[in-house]
Amino acid sequence: MKKHNFYAGPSILPEYTIEQTAAAIKNFANMDLSLMEISHRSKEFVTVMDEAQQLFKELLNIPEGYSVIFLGGGASTQFAMVPFNLFKKKAAYLNTGAWSKKAIKEAKLFGEVEVVASSEDKLFNYIPKNYTIPEDADYFHITTNNTIYGTEIKEDITSPIPLVADMSSDIFSRPVDVSKYAIIYGGAQKNLAPAGVTFVIVKNDILGKTGRDIPTMLNYQTHIDKESMFNTPPVVPVFAALQTLKWLKNNGGIGEMQKVNIKKADMLYDEIDRNPLFRTTVLDSNDRSLMNICFVMNEGYENLEKPFFDFASEKGMIGIKGHRSVGGFRASTYNALPVESVAALIDCMQEFEKKNK
Ligand SMILES: *Cc1c(COP(=O)(O)O)cnc(C)c1O
């Protein structure tokens, strides 16, 4: 039976990425050696790293003056690395979910953190608006897509101070005006590669201003100077990321991805809004994520949660259970998820409605 993969992360990757990576694990670059057993300093792998950086810049239209680096440690290490490199006296954060809170916790180790607004009062089911970004803070940190709660900041905001964004789960899903950001980072395992590699886009002139001694591995400058080769990079995930970037380019680039992502999200939100058995948790359609679509059983149908989960699982829907802090369901519709998978989930919802209404 065909499986429809709605996992939130690690998550679906293009077939192209998996095929190319599987082939390279057997025989990389006609070396008759596995990608897993070659030196990261071999000219064959250095080429992969260079191409990945180049294509990353090309697809996101990254302006001059920015570096792209590939690191280990996940987005979670960036929660500390950002303040290590930028925090002087005070930082500002927008609290839109569990990942924002974790980032705030790390920043507080460095000094004063101003949480400019929070949606925690309503279990993070909206994006706060009309807040003021304090001009005396060193930087302003946002989480553009809240993977757990299904909310998303879909436009690039304007900040009077350096803007830092965790884009773990919506990078490459829409065009981004990188010039509005000082740092963009994310774990690659949501929309780009298998787990193990973290991407960071850094505006070069933002660095070196804290006066602090930074541990070598936590200093962005180390990795910029050595082009992500200061120590051994995660070779296999970087190779896989390059394959996804090639797939993106061959499929029309980010503009085309955005079109398909909007189509998939519209299809599913329309069904959730129409189907009397279900309701969305994010009421303002402007705040609804295009990547992680959360929904729960409607009032009066709460007892059908487990039956719907079992029904959908039998029909090949994988990974639709909501995060334990929200409950219900979450369908992640990353770039590699085909429209037909969304259509298959909608069929399930409609069949289940007929059986149970
Ligand atoms: C998954 C996720 C993280 C955590 O990423 P790790 O690579 O596991 O540390 C951080 N932020 C967001 C928005 C995420 O979706």
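Some notes on this structure:
- Any hit, the stretch 169-189, residues being open to solvent by 10 Å² or more (accessible area, probe 1.4 Å), closer than 28 Å to residue 10 by Cβ and within 11 Å of the chain's Cα centre (by Cα): yes
- No other residue among 245, 304 is assigned by TED's automatic domain parsing to the domain that holds residue 154, assigned to a helix (DSSP H, G or I) and surrounded by 17 or more Cβ atoms within 10 Å (Cβ to Cβ) apart from 245.
- Residues that are out of contact with any strand residue (DSSP E or B) (no Cβ under 6 Å at 6 or more places or on another chain) and over 22 Å from residue 290 (Cβ atoms) were ranked within the stretch 154-163; the one that is farthest from the ligand (Cβ to nearest atom) is 160.
- Test result for residue 277, within 27 Å of residue 60 (Cβ to Cβ) and open to solvent by less than 70 Å² (accessible area, probe 1.4 Å): no
- For the stretch 104-145, the tally of residues that are more than 25 Å from residue 296 (Cα to Cα), within 16 Å of the ligand (Cβ to nearest atom) and in a strand (DSSP E or B) stands at 2.
- Between 10, 14, the distinction of being within 16 Å of the ligand (Cβ to nearest atom) and of a type outside the set (Phe, Trp, Tyr) belongs to 10 only.
- Among the residues of the stretch 164-182, the one identified as near the ligand (Cβ under 10 Å from one of its atoms), part of a strand (DSSP E or B) and of a type in the set (A, V, I, L, M, F, W, C) is 165.
- Filtered residues of the stretch 183-195 (kept if within 9 Å of the ligand (Cβ to nearest atom) and farther than 22 Å from residue 253 by Cβ): 187, 195
- Test: residue 101 is away from the ligand (no atom under 15 Å from the Cβ) and either surrounded by fewer than 20 Cβ atoms within 10 Å (Cβ to Cβ) or of a type in the set (D, E, K, R) (or both): no
- Residues that are within 13 Å of the ligand (Cβ to nearest atom), closer than 27 Å to residue 326 by Cα and among the small types (Gly, Ala, Ser) within the stretch 71-98 comprise 73, 74, 75, 76, 80, 97, 98, listed in sequence order.
- Pick from the stretch 73-103, criterion over 20 Å from the mean Cα position of the chain (by Cα) and assigned to a strand (DSSP E or B), ranking: nearest to residue 294 (Cα to Cα): 92
- Count - residues of the stretch 26-46 that are in contact with a helix residue (DSSP H, G or I) (Cβ under 8 Å, 6 or more places away or on another chain), exposed (fewer than 15 other Cβ atoms within 10 Å of the Cβ) and among the hydrophobic types (A, V, I, L, M, F, W, C): 2
- Apart from one condition, residue 161 fits all of (1) farther than 19 Å from residue 205 by Cα; (2) not in a strand (DSSP E or B); the exception is (1).
The values are calculated or read from the model by the stated rules, or taken from the named source; none is laboratory data. In this text the structure is predicted, and so the values were computed from the model without any measurement. Cβ: placed from backbone, ideal geometry, glycine included. Neighbour counts: every protein chain shown. The protein model used for the area step is the full one, side chains on, heavy atoms only, and it has no ligands, DNA or RNA in it. Shrake-Rupley method; radii C 1.70, N 1.55, O 1.52, S 1.80 Å.
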